[in-house]
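What follows is one structure encoded as structure tokens, with my remarks underneath.
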Amino acid sequence: MESLTIQAIGLMSGTSLDGLDICCTTFQKSNNQWTFKIDCSKAYSYSDELKEKLGNKAQQMSAIEFVTFHSEYGKFLGQKVNDFMKEFHVKPNIIASHGHTIFHKPEKQIMFQIGDGAAIAAETHIPTVSDFRRLDIMLGGQGAPLVPIGDRLLFGAYDYCLNLGGFSNISFESQGKRIAFDISPVNYVINHYCRQIGLEFDKDGEIARSGNIHQPLLDELNSIKFYQQPGPKSLGREWVETFIYPVLEKYNLPLKDTLRTFYEHAAYQISRIAKGGNLLITGGGAFNLFLVERIQELTACHIVIPDRQIIEYKEALIFAFLGALYWNNEPNCLASVTGAPFDNIGGMLFKMNHSR
């Protein structure tokens, strides 16, 4: 069988609103095995105005304001990709864009990833795939998580792949199937409270480390029904606003105690799932020393922290891989993790009939 080589750019904007990650990766398929090499990567921060729009304002916009912002943000993404391609002298086969999640209510078959893929393709003149979740949701799945196909095919040497981003999510093999789901909020909540005191995040977990666990709050958090539900299951900002913030705020604790208790909650929920073997941790939370310490203390797993580029860009890397799978007409969304009846090839492709 001939080997296949595809170069793809992946774009990732997470719920923690820390900016846009761009990762250009070359994928090779030989003897039915995928391998990858990250060619270049870069993070682009958001302006305060854009953070506000993506974080809160978009949900309140009129229809015309919303579709205008969808186009504008798509053009912004395309312009950043152009800057990236010029800086690193790359021109990939395909761009794969996650967009930014504005609505995620799979039980109502509603979702929206803002950032028009057509605008990205028009700006870059590179074939662009976006809107990876919609087909799965219309099939009755959660539309999430999408990363596990990459965990299986690119990071299969690890027993568990844990991402600590706005939310913690995990994937692993069980009885020949890839199992994956969101575990709990993490940075989405931590950063929300840090911003109230003028900080973007809790560096190394120092604020939480200085606090004390408030047992009634911890017990109430751990008793939330979501944690007893089996997967597939996923979390979004609406869930946090309904079930987490009201609980955290009703106790009127000092910030350091609120965070200390929340860290313990997040680490405990992870330890309930990851029970042994090698645990790969990526995402911004992998840099949070205190959070990783608490996970290590509560689980029997051997924790593996990879190099910084994979920690920071694994999700963008895997979105590039979803684009490569789309390009090769292979499933990029697993029914075993989303709850849909079928694996599917998610995404909408936009391409020109010429190249520069």
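Brief remarks follow.
- Size descriptors for the stretch 71-133: radius of gyration and Dmax over Cα atoms are 12.8, 43 Å.
- A 1.4 Å probe run over the stretch 97-194, with the rest of the protein chains in place, finds 30 Å² accessible per residue.
- Geometric descriptor of the stretch 182-255, per residue, is 102 Å³ (volume of the convex hull of the Cα atoms).
- Antiparallel DSSP beta bridges within the chain, percent to nearest 5: 75
- Between the C-alpha center of the stretch 164-190 and that of the stretch 1-73 there is a gap of 19 Å.
- Computed over the stretch 195-350, Kirkwood Rh from alpha-carbon pairs, angstrom: 18.0
- On Cα atoms only, tilt of 255-273 relative to the major axis of the chain in degrees: 70
- Accessible surface of the stretch 208-356 [probe 1.4 Å, protein heavy atoms]: carbon and sulfur percent: 51
- Three-way shape label, the stretch 278-322, alpha-carbon gyration tensor, a/c 1.5: prolate
- The stretch 214-356, accessible area per residue, ligands and nucleic acids excluded (1.4 Å, Å²): 44
- In degrees, nearest ten, helix 63-88 long axis to first principal axis of the chain (Cα): 70
- Cβ-Cβ distance of residue 33 and residue 212, R₀ of 51 Å, FRET efficiency by 1/(1 + (r/R0)^6): the value works out to about 0.55.
- Look at the alpha carbon pairs under 8 Å that are at least 6 residues apart: their mean separation over the length of the chain gives a relative contact order of 22 percent.
- Distance distribution note for the chain: the fraction of Cα pairs above 33 angstrom is 25%.
- Helix axis angle, 308-327 relative to the chain longest principal axis, alpha carbon, degrees: 40
- Partners for residue 233 among lysines (Cα-Cα distance below 20 Å; same-chain residues under 8 apart left out): 105, 108, 177, 225, 275
- Per-q log10 I(q)/I(0), the stretch 57-101, q = 0.15, 0.29, 0.31 Å⁻¹ (Debye; single scatterer per alpha-carbon; no solvent): -0.49, -1.08, -1.15
- Summarising the label geometry, the points placed 7 Å from Cα in the beta-carbon direction at residue 225 and residue 49 lie 4.3 nm from one another.
The values are calculated or read from the model by the stated rules, or taken from the named source; none is laboratory data. Because the structure is a prediction, the values reported are computed rather than measured. Quick reminder, even Gly has a Cβ in these numbers, built from the backbone with ideal geometry, and neighbours come from all protein chains shown. Heads up: the accessible areas ignore ligands, DNA and RNA and are worked out on the full protein's heavy atoms, side chains in. Shrake-Rupley method; radii C 1.70, N 1.55, O 1.52, S 1.80 Å.
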